[in-house]
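Colleague: Got a structure here, written out as structure tokens. Questions coming.
The values are calculated or read from the model by the stated rules, or taken from the named source; none is laboratory data. Only a predicted model underlies this, so the values are computations on that prediction, with no experimental measurement involved. Cβ coordinates were reconstructed from backbone atoms using ideal geometry, including for glycine residues, and neighbour counts include every protein chain displayed. Please note that ligands, DNA and RNA were not included when accessible areas were found on the heavy atoms of the full protein model with its side chains. Shrake-Rupley method; radii C 1.70, N 1.55, O 1.52, S 1.80 Å.
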Amino acid sequence: MNTLIVYETMWGNTELIARAIGAELSSTVTVDIVDSDSAPPSIEGFDLLVVGAPTHAFSLSRPATRQEAASERNAPHVPVSGVREWLQTLSRTENAVTAVAFDTRVDTPRLPGSAAKVIRRELRSLGFETSQKAKTFRVHGYEGPLVDGEPARAAAWIRSIASARESNR
Ligand SMILES: Cc1cc2nc3c(=O)[nH]c(=O)nc-3n(C[C@H](O)[C@H](O)[C@H](O)COP(=O)(O)O)c2cc1C
């Protein structure tokens, strides 16, 4: 099984979750981890896609919210192209490749809206198999760090998805 993990990040929290997922999968499958600026336009050759992004303004980031993160909150990394833009260029999958979505969001206050739900919806409309519910991982404030235990929770989440796929083969 070849897995592609695509993430977007401003402060590194979503990347840490992506890497925890990658580390968990890499003992059994081949894993490529790329950020949204370098993600490929097609998932040809992969049979599992994992996509994660921070929630901005109740949804996926936009150029304006990324700019706000940079200019008002000194975010150390500002993607030119976020997951929203990447999904707009991603080719349809003809063979219903499985895709799962996650996001990061502030722990308190709990706000409505989820980037992961938007990712999942977009992936479904591109023909991916998206029966797995989207998952949220929590950060302290806008900058992080991650709430204790979130990387381990991410590893357990992907482990359960991978083993369900194995037993369905
Ligand atoms: C402009 C902006 C808007 C945000 N809006 C939300 C929001 O609507 N809901 C939420 O839970 N977190 C919101 N956040 C917090 C982000 O989710 C948080 O910065 C992110 O999870 C950190 O992940 P990263 O280090 O990978 O960028 C916002 C952050 C920024 C910069």
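Colleague: With respect to residue 81, determine if the residue is hydroxyl-bearing (Ser, Thr, Tyr), open to solvent by 10 Å² or more (accessible area, probe 1.4 Å) and more than 21 Å from residue 20 (Cβ to Cβ).
Modeller: Numbers: hydroxyl-bearing (Ser, Thr, Tyr): yes; open to solvent by 10 Å² or more (accessible area, probe 1.4 Å): yes; more than 21 Å from residue 20 (Cβ to Cβ): yes.
Yes, satisfied.
Colleague: Hey, among 69, 75, 39, 23, which residue is over 11 Å from the mean Cα position of the chain (by Cα) and surrounded by fewer than 16 Cβ atoms within 10 Å (Cβ to Cβ)? Spell out the reasoning first.
Modeller: Numbers: 69 fails: surrounded by fewer than 16 Cβ atoms within 10 Å (Cβ to Cβ); 75 fails: surrounded by fewer than 16 Cβ atoms within 10 Å (Cβ to Cβ); 39 fails: surrounded by fewer than 16 Cβ atoms within 10 Å (Cβ to Cβ).
Within the list 69, 75, 39, 23, the selection yields 23.
Colleague: If I filter the range 92-113 for residues that are under 18 Å from residue 37 (Cα atoms) and of a type in the set (A, V, I, L, M), do I get at least one hit?
Modeller: Yes, the range 92-113 has at least one match.
Colleague: Sticking with this structure for a sec: What helices (runs of 4 or more DSSP H), lying completely within the range 62-168, carry at least 3 residues that are closer than 13 Å to residue 51 by Cβ and more than 16 Å from the ligand (Cβ to nearest atom)?
Modeller: Details: elements: 63-73, 83-89, 115-125, 150-168.
Here the list reads 115-125.
Colleague: Right, next: Anything in the range 4-15 that is near the ligand (Cβ under 8 Å from one of its atoms) and in contact with a Gly (Cβ under 8 Å, 6 or more places away or on another chain)? List them, or say none.
Modeller: At the first step, the residues of the range 4-15 found to be near the ligand (Cβ under 8 Å from one of its atoms) are 7-15.
7, 8, 11, 12, 13, 14 - these are the residues of the range 4-15 that are near the ligand (Cβ under 8 Å from one of its atoms) and in contact with a Gly (Cβ under 8 Å, 6 or more places away or on another chain).
Colleague: Kindly list the number of the only condition in (1) assigned to a strand (DSSP E or B); (2) open to solvent by 20 Å² or more (accessible area, probe 1.4 Å); (3) not hydroxyl-bearing (Ser, Thr, Tyr) that fails for residue 50.
Modeller: Checking residue 50 against (1) assigned to a strand (DSSP E or B); (2) open to solvent by 20 Å² or more (accessible area, probe 1.4 Å); (3) not hydroxyl-bearing (Ser, Thr, Tyr), the one that fails is (2).
Colleague: If you go through the range 1-33 one residue at a time, how many are at pLDDT below 95, hydrophobic (A, V, I, L, M, F, W, C) and farther than 14 Å from residue 161 by Cα?
Modeller: Count: 0.
Colleague: What are the residues in the range 137-146 that are open to solvent by 30 Å² or more (accessible area, probe 1.4 Å) and either β-branched (Val, Ile, Thr) or without any contact (Cβ under 8 Å) to a residue 24 or more places away in the chain (or both), if any?
Modeller: none
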